[in-house]
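The values are calculated or read from the model by the stated rules, or taken from the named source; none is laboratory data. For clarity, every value in this text was computed on a predicted model and none was experimentally measured. Neighbour counts run over all protein chains shown; Cβ positions are idealised from the backbone, glycine included.
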Amino acid sequence: MAGDWTSKGDITSARAKRAIAWGDKMADIVNRKTDDGWDSLLPMIDADRFVRRGNERDEPLDWPAYRGLLEQWESGGGLYEKTLHRASEAGNVVYLDFDERSVTPAGQESTLRSISIYEFDDANRIVAVDVCMGFHRPK
């Protein structure tokens with residue numbers, strides 16, 4: 001995979017599959033397709049080293065702070081969908097290119113384009129997630 005963009009059906013890299021599984025598990029929790037909680041993500045990460053960074057936050061979030069943000073997101077209810085366009089891997093970093101859509105229980109829809117950057121340790125655990133977002137104009 002080394003640096004080439006690949007569609008979801010062609011992904012063979014264990015790290016890229018793990019990054020995709022992370023997002024799929026998050027979507028399942030938010031959409032209440034599973035009874036699993038946020039701690040079900042722990043086997044995929046190094047919780048002691050984990051950091052989440054993104055253009056919507058001033059400071060990086062460690063695992064407890066990010067877990068709190070995820071709980072807040074989930075408690076709002078609604079629907080979350082994502083479409084993977086491309087994936088790439090270079091060294092211990094995986095890049096995923098998504099269209100994302102969320103709909104609140106009141107029907108308010110928001111869409112965005114994002115690049116999620118997953119950094120892995122030597123044990124293939126996620127130690128950092130960086131999310132760069134660009135919002136679409138409402139229709």
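Results for (1) part of a strand (DSSP E or B); (2) over 18 Å from the mean Cα position of the chain (by Cα); (3) farther than 24 Å from P43 by Cβ; (4) modelled with pLDDT under 90, shown as yes or no for each residue.
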{"site": "E89", "(1), (2), (3), (4)": "yes, no, no, no"}
{"site": "Y95", "(1), (2), (3), (4)": "yes, no, no, no"}
{"site": "F98", "(1), (2), (3), (4)": "yes, no, no, no"}
{"site": "R101", "(1), (2), (3), (4)": "yes, no, yes, no"}
{"site": "S110", "(1), (2), (3), (4)": "yes, no, yes, yes"}
{"site": "S116", "(1), (2), (3), (4)": "yes, no, no, no"}
{"site": "D130", "(1), (2), (3), (4)": "yes, no, no, no"}
{"site": "P138", "(1), (2), (3), (4)": "no, yes, yes, yes"}
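Looking at (1) in contact (Cβ under 8 Å) with a residue 60 or more places away in the chain; (2) closer than 17 Å to S13 by Cα; (3) surrounded by fewer than 17 Cβ atoms within 10 Å (Cβ to Cβ); (4) charged (D, E, K, R), which is the only condition R49 fails?
Every listed condition holds for R49 apart from (2).
Which residues, taken from segment 9-53, are in a strand (DSSP E or B) and in contact with an Asp or Glu (Cβ under 9 Å, 6 or more places away or on another chain)?
Across segment 9-53, the qualifying residues are V51, R52, R53.
Inside segment 54-69, can you point out the residues that are surrounded by 12 or more Cβ atoms within 10 Å (Cβ to Cβ) and either in a helix (DSSP H, G or I) or not charged (D, E, K, R) (or both)?
From segment 54-69, those surrounded by 12 or more Cβ atoms within 10 Å (Cβ to Cβ) are 54, 57, 60-63, 65-69; that's our starting set.
G54, P60, L61, W63, A65, Y66, R67, G68, L69, listed by residue number.
Among the numbered criteria (1) surrounded by 14 or more Cβ atoms within 10 Å (Cβ to Cβ); (2) modelled with pLDDT under 90, which one does D4 miss?
(1)
Please count how many residues of segment 52-89 are farther than 17 Å from K25 by Cα, touching a residue at least 60 places away in the same chain (Cβ under 8 Å) and hydrophobic (A, V, I, L, M, F, W, C).
Number of matching residues: 1.
For segment 39-69, name all the residues that are under 23 Å from A16 (Cα atoms) and modelled with pLDDT under 90.
G54, N55
Out of all the residues in segment 70-87, which are at pLDDT below 90 and in a strand (DSSP E or B)?
The answer is H85, R86.
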